[in-house]
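The values are calculated or read from the model by the stated rules, or taken from the named source; none is laboratory data. Worth saying up front: this structure is predicted, and the values here are computed from it rather than measured. Cβ atoms come from the backbone with ideal geometry, glycine included; neighbour counts cover every protein chain shown. The protein model used for the area step is the full one, side chains on, heavy atoms only, and it has no ligands, DNA or RNA in it. Shrake-Rupley method; radii C 1.70, N 1.55, O 1.52, S 1.80 Å.
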Amino acid sequence: MRLGVLDVGSNTVHLLVVDAHAGGHPDPVRSHKAELHLAELMQADGSLGRSGTDVLVEAVRSAQVEADLEGVEDLVAFATSAVREATDSAEVLARVRDESGVDLQVLSGEDEARLTFLAVRRWFGWSAGRLLCLDIGGGSLELATGRDEEPDVALSLPLGAGRLTRDLLPADPPKRREVAALRDYVRTQLSDVVPVLSAAGEPDRAVATSKTFRSLARLDGAAPYAEGPRVPRSLRRSGLERLVELLTGMRAVDRARLPGVSPSRAHQLLAGAVVALEALDSLGLDGVDVCPWALREGVILRRLDWLGGD
């Protein structure tokens, strides 16, 4: 069947269209993306407000049109931290449903971590042993660990690259004291959850997903994404230390010229690098493997499992 997954994230509204069947490998057909940066459109009171909601409704409406044109038979639509945490979330969801016909389901941070973990497990298989999975989004950081398809621990922290850039790195380029304060803040946030992850057991393989990790891995020497998803890629802690220093002294416009960095995300790449470095430091990791599958693929796999059980 042709399945569509519409991901309303903190950075993008992303429609992924795949041909798939239960027990089979999802075959990507099309990808349609609109860069909205909802995490950065939040009002002072924490709401998306009329203007932010107008932008979101239009993006979802356009995605629904694209899904129809692609012949999507089953559309799964979900929203993550930006919509989840908006103080006017109920109103936003109602407007999206009434004006686009799409019923967005809001995922909790823990569900994001679980579904991303499922995608990573299916990609690397049982031979990977105990997995530790990290995923940096625009609004949050998800962490999960386990030996099965359902993680033993699934956590979410408000450490998204867009959120931290908006709140703690207002200058361009950022001041060194701002970067130092950001590192302290991230380290403090992680200190509460690292013991929980460690208590679950030492991982056999540490894995990272998301555009932020892919961009950082590319800057650390990993193969370009154009070479295909099956090329092994990794990101070293030593490389992250170098990248944090490099990115601190650069303006967003200059970061956008770096290989593998999209102009729309260049401004938040430093915050993402800081979160990645502090996470690896706190967890005692020398590096992570980068997985091409993440939350959207996890949602697809869970949907296929459900359809196969009918």
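Note on region 240-263: among residues that are buried (at least 16 other Cβ atoms within 10 Å of the Cβ) and in contact (Cβ under 8 Å) with a residue 40 or more places away in the chain, the one that is nearest to P26 (Cα to Cα) is G260.
Selection of region 170-197 for residues being touching a residue at least 60 places away in the same chain (Cβ under 8 Å) and polar (S, T, N, Q) yields only S191.
Residue by residue, here is whether (1) aliphatic (A, V, I, L, M); (2) in contact with a Phe, Trp or Tyr (Cβ under 7 Å, 6 or more places away or on another chain); (3) on the phi < 0 side of the Ramachandran plot; (4) at pLDDT 95 or above holds:
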position: R163; (1), (2), (3), (4): no, no, yes, no
position: L168; (1), (2), (3), (4): yes, yes, yes, yes
position: R177; (1), (2), (3), (4): no, no, yes, yes
position: R183; (1), (2), (3), (4): no, no, yes, yes
position: T188; (1), (2), (3), (4): no, no, yes, yes
position: S191; (1), (2), (3), (4): no, no, yes, yes
position: A199; (1), (2), (3), (4): yes, no, yes, yes
position: E202; (1), (2), (3), (4): no, no, yes, yes
position: R205; (1), (2), (3), (4): no, yes, yes, yes
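Among residues of region 211-224 being touching a Pro at 6+ places or on another chain (Cβ under 9 Å) and free of Cβ contacts under 8 Å to residues at least 40 places away in the same chain, the one that is surrounded by the fewest Cβ atoms within 10 Å (Cβ to Cβ) is P224.
Among the residues here, A44 qualifies as of a type in the set (G, A, S), modelled with pLDDT under 95, more than 19 Å from R2 (Cα to Cα) and outside any helix (DSSP H, G or I). Of all residues in region 221-265, those being under 20 Å from the mean Cα position of the chain (by Cα), over 21 Å from N11 (Cα atoms) and not aliphatic (A, V, I, L, M) number 9.
Can you tell me which condition A67 does not meet? The list is (1) within 27 Å of P292 (Cα to Cα); (2) part of a helix (DSSP H, G or I); (3) out of contact with any Ser or Thr (no Cβ under 9 Å at 6 or more places or on another chain); (4) open to solvent by 20 Å² or more (accessible area, probe 1.4 Å), and all the others hold. Among (1) within 27 Å of P292 (Cα to Cα); (2) part of a helix (DSSP H, G or I); (3) out of contact with any Ser or Thr (no Cβ under 9 Å at 6 or more places or on another chain); (4) open to solvent by 20 Å² or more (accessible area, probe 1.4 Å), A67 violates only (4).
The conditions of being open to solvent by 10 Å² or more (accessible area, probe 1.4 Å), assigned to a strand (DSSP E or B) and either farther than 22 Å from L107 by Cα or not aliphatic (A, V, I, L, M) (or both) are met by H32. Among the numbered conditions (1) in contact with a helix residue (DSSP H, G or I) (Cβ under 9 Å, 6 or more places away or on another chain); (2) under 29 Å from A266 (Cβ atoms), the only one that M1 does not meet is (2). Can you tell me which residue in region 137-167 is farthest from A208 (Cα to Cα), limited to those that are of a type in the set (S, T, Y) and open to solvent by less than 10 Å² (accessible area, probe 1.4 Å)? Out of the qualifying residues, it is S140. Scanning region 189-205 for residues that are open to solvent by 60 Å² or more (accessible area, probe 1.4 Å) and in contact with a Lys or Arg (Cβ under 8 Å, 6 or more places away or on another chain) gives E202, D204, R205.
Find the residue count for region 122-136, including only residues that are farther than 23 Å from P26 by Cα and open to solvent by 20 Å² or more (accessible area, probe 1.4 Å). Qualifying residue count for the region: 1.
Checked against the criterion of being of a type in the set (D, E), crowded, with 22+ Cβ neighbours inside 10 Å, more than 23 Å from L115 (Cβ to Cβ) and touching a residue at least 12 places away in the same chain (Cβ under 8 Å), the candidates E278, E297 yield just one match: E278.
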